[in-house]
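The values are calculated or read from the model by the stated rules, or taken from the named source; none is laboratory data. Since the structure is predicted, the reported quantities are computational estimates derived from the model, not experimental observations. Using ideal geometry, Cβ is built from the backbone for each residue, glycine included, and neighbour counts are taken over all protein chains shown. Side chains are part of the model used for accessible areas, which takes the heavy atoms of the whole protein and leaves out ligands, DNA and RNA. Shrake-Rupley method; radii C 1.70, N 1.55, O 1.52, S 1.80 Å.
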Amino acid sequence: ATALGALPVLLSQTLSSRSQDTLFGFGAGVMLAACAFSLVVPGINAAEMQGAGPWQAALTVGGGILCGGIFLLLIDHLVPHEHFIKGLEGPAAHTLRRTWLFVFAIALHNLPEGLAIGVAYAGTDALHASALTMGIAIQDVPEGLVVAAALVAVGYSRLKSVALGIASGLVEPVAAVFGALIVSFSQALLPWALGFAAGAMLFVISHEIIPESHRKGHEKFATAGLLIGFVIMMTLDTALG
């Protein structure tokens, strides 16, 4: 899906900043709904099925959310990367080529999505996991387009931008395998794993995607995209799950 979104950049003009921000907002909305309906709610249900009471189930998933957010915070702090607007972040960022800094930033976005898919398929029913995967795939199409277009805008060739956009999606299947292995090791870890994936996604939404979409004065378009993305993902999850 990421590759499908990146390919049109070979032929099309660069996206306007307003379009990019709208697509960023759309992706944030999909991820928000996925956190709520595909990760947090199933995580609480899984904890209750394992014998936890309502308070214990909520606190278990809440603990997983905090762990996932802290994990992404540490990665964001330790791994040098470059945002399209904020610029360089992380230790020794100035010593790395800008191409790799962009790649690291994109990987931070895709890591929690892969974790969520792997955990869902290993620990929940197939229809529920398929709804989550479909929603993330829908979100990955505009993400691939935005990434490739943004790289063109900062001076990369179209071919290199598309290649990097396609490569940015490769972290998701790797993270998915890792997430599935964790849950397969022990079903008792399922509520924690679902919460962890949700926390990692929430960190990316709040720390990366929404700020990126609001810095150039297109808050209304970004918010409209977020609402549309949330409704689409919510509909997919409730209809298929």
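Name the single residue that is surrounded by the most Cβ atoms within 10 Å (Cβ to Cβ) among those in region 14-44 being of a type outside the set (S, T, Y) and over 24 Å from E219 (Cβ atoms). Step through it out loud before you land on a result.
Going through region 14-44, the residues of a type outside the set (S, T, Y) turn out to be 15, 18, 20-21, 23-37, 39-44.
Next cut, over 24 Å from E219 (Cβ atoms) only: 37, 39-44.
Values: F37: 22, L39: 31, V40: 23, V41: 17, P42: 25, G43: 29, I44: 22.
Looking at residues that are of a type outside the set (S, T, Y) and over 24 Å from E219 (Cβ atoms), I get L39.
Among the conditions (1) within 23 Å of I209 (Cα to Cα); (2) small (G, A, S); (3) modelled with pLDDT under 90; (4) under 20 Å from the mean Cα position of the chain (by Cα), the only one that G62 does not satisfy is (3).
The residues of region 1-43 that are out of contact with any helix residue (DSSP H, G or I) (no Cβ under 8 Å at 6 or more places or on another chain), outside any helix (DSSP H, G or I) and not small (G, A, S), listed by number, are L11, Q13.
Say whether the condition of being modelled with pLDDT of 85 or more and out of contact with any strand residue (DSSP E or B) (no Cβ under 7 Å at 6 or more places or on another chain) is met by at least one residue in region 120-129. Within region 120-129 (the criterion being modelled with pLDDT of 85 or more and out of contact with any strand residue (DSSP E or B) (no Cβ under 7 Å at 6 or more places or on another chain)), the answer is yes, since at least one residue qualifies. The residue that is least open to solvent (accessible area, probe 1.4 Å), counting only those in region 171-223 that are without any contact (Cβ under 8 Å) to a residue 40 or more places away in the chain, part of a helix (DSSP H, G or I) and under 18 Å from G123 (Cα atoms), is L189. Checking each residue in region 142-170 for being open to solvent by 20 Å² or more (accessible area, probe 1.4 Å) and either small (G, A, S) or in a loop (DSSP other than H, G, I, E, B) (or both) picks out A153, V154, G155, Y156, S157, A163, A167, L170.
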